[in-house]
Amino acid sequence: MLPRRTDLPTLQSSAQPRYPPPMCNEAYRRTQIAKLIRDFGETRIALDFPEGVPNFAPLDSIRITDRLEIVRTGADRSDSAPADPVAPMTAEMVTRRWSWPAPSRGGGGGWPVYNFRSDGRTLTNSATGGRCLIPVDGFFEFTDPPAPAADAPKPAKKPLKSKWAFTLAGHDWFCIAGVWKADATVGEAWAMLTCPPGPDIAPYHDRQVVVLTPPDYARWLDGSAPASELCRPLPAGSLTVEQVR
C-alpha cells in the first residue's frame, strides 16, 4: 500500500473542462468462479446460472463495451425485503455488456454510458432493469503524469497518464454497485454507479465508483436498503492503492 498522495494537482479550478475527466473506465478480475460462489454463499447469496456457468478466465483489463459477469435478482426482478433477513436469497449471474449508448439528438447512439450517478436516485428493480453487483478484484484511476524537470528534453511522445489500482483492504475481490437495463440497441447492459469521492479516492479523482462491502451485497440486490444508504464512500483506509504505471 502506498502512502496517500498529497502532491497531486487540485481537481478544482476556475477554468472547468467541458467534460469531467474520465473515471473508472477500466477494471480487472482474476478470482476464480469457485471462490466467488463460496464467498457469495457466506453473504447469504446463492448464485444461479440461467445461461450456464461462465468461463471465468482471468481478466487483467476490462474496458467499456467488454462483456463481464454481473449478479442481479432472479426472474421476478422486484424489490422485496426478505421475511427472514438471515435466510439465503438466490441471485443470477449473467454475462452482459459494460455500457449502453446515451440518446443523441440525431437519433443514433451517443456516448457510452459506463458510469451512472447515484446521487438523488431511488434505483429500484423491475423486469427491464435495476440493481446489480459487479464482482472485480480492483479498478483503475488515472492522473496526469509527473511534470518533467525544467531541463529535461522534450519527449518524442506525450507521456502516458499515471495509473493507479484500487482494491478493497483485506479482501481478494469485492463488488461495485451497478445498474443494468434493457437497451434497444445493444440489449441488456450495465453501468457502474458513482458517488462523491471518499478520502481514499479524493486525491486522485473528484468522483468514485460505489464500492460495497460483503454485508451489503444482499441488501443492495433485494432492494431492502435505500440507494442513499449504500451509495456513499467508505471510510478512510478501506481502499488500498498501488501505482501500476
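Look at (1) farther than 21 Å from V71 by Cβ; (2) out of contact with any strand residue (DSSP E or B) (no Cβ under 9 Å at 6 or more places or on another chain); (3) acidic (D, E) and you find that E242 fails only one, number (2).
Answer yes if at least one residue in the range 102-111 is at pLDDT 95 or above and open to solvent by less than 30 Å² (accessible area, probe 1.4 Å), and no otherwise.
So the first thing to find is which residues in the range 102-111 are at pLDDT 95 or above, and the list is none.
No, the range 102-111 contains no residue that is at pLDDT 95 or above and open to solvent by less than 30 Å² (accessible area, probe 1.4 Å).
Just for the range 211-245: of the residues that are part of a strand (DSSP E or B) and of a type in the set (S, T, N, Q), which one is least open to solvent (accessible area, probe 1.4 Å)? Only one residue fits best here, namely T240.
The set of residues from the range 147-171 being over 23 Å from R131 (Cβ atoms) and within 30 Å of the chain's Cα centre (by Cα) comprises A147, K158, P159, L160, K161, S162, K163, W164, A165, A169, G170. On the stretch given as the range 192-219, residues that are among the hydrophobic types (A, V, I, L, M, F, W, C) and farther than 24 Å from R63 by Cβ total 2. Within the range 60-76, the set of residues being more than 23 Å from P101 (Cβ to Cβ) and surrounded by fewer than 16 Cβ atoms within 10 Å (Cβ to Cβ) comprises D60, G74, A75, D76.
For the range 134-150, which residues satisfy the criterion of being part of a strand (DSSP E or B) and open to solvent by less than 40 Å² (accessible area, probe 1.4 Å)? Working first, answer last.
Here is the first cut: in the range 134-150, the residues part of a strand (DSSP E or B) are 134-136, 138-143.
Correct list: I134, P135, V136, G138, F139, F140, E141, T143.
Tell me the residue from G178, G129 that is more than 20 Å from I62 (Cβ to Cβ) and under 20 Å from the mean Cα position of the chain (by Cα), please.
Exactly one of G178, G129 is more than 20 Å from I62 (Cβ to Cβ) and under 20 Å from the mean Cα position of the chain (by Cα), namely G129.
In the range 181-210, the qualifying residues are those that are open to solvent by 10 Å² or more (accessible area, probe 1.4 Å) and assigned to a strand (DSSP E or B), and the one that is farthest from S228 (Cα to Cα) is G187.
The values are calculated or read from the model by the stated rules, or taken from the named source; none is laboratory data. Just so we're clear, the structure is a prediction, and the values are computed from it rather than from any experiment. Here the Cβ is made from the backbone with ideal geometry for all residues, glycine too, and neighbour counts use every protein chain on show. Ligands, DNA and RNA are stripped out before the accessible areas are found, and what is left, the full protein with its side chains, is counted by its heavy atoms. Shrake-Rupley method; radii C 1.70, N 1.55, O 1.52, S 1.80 Å.
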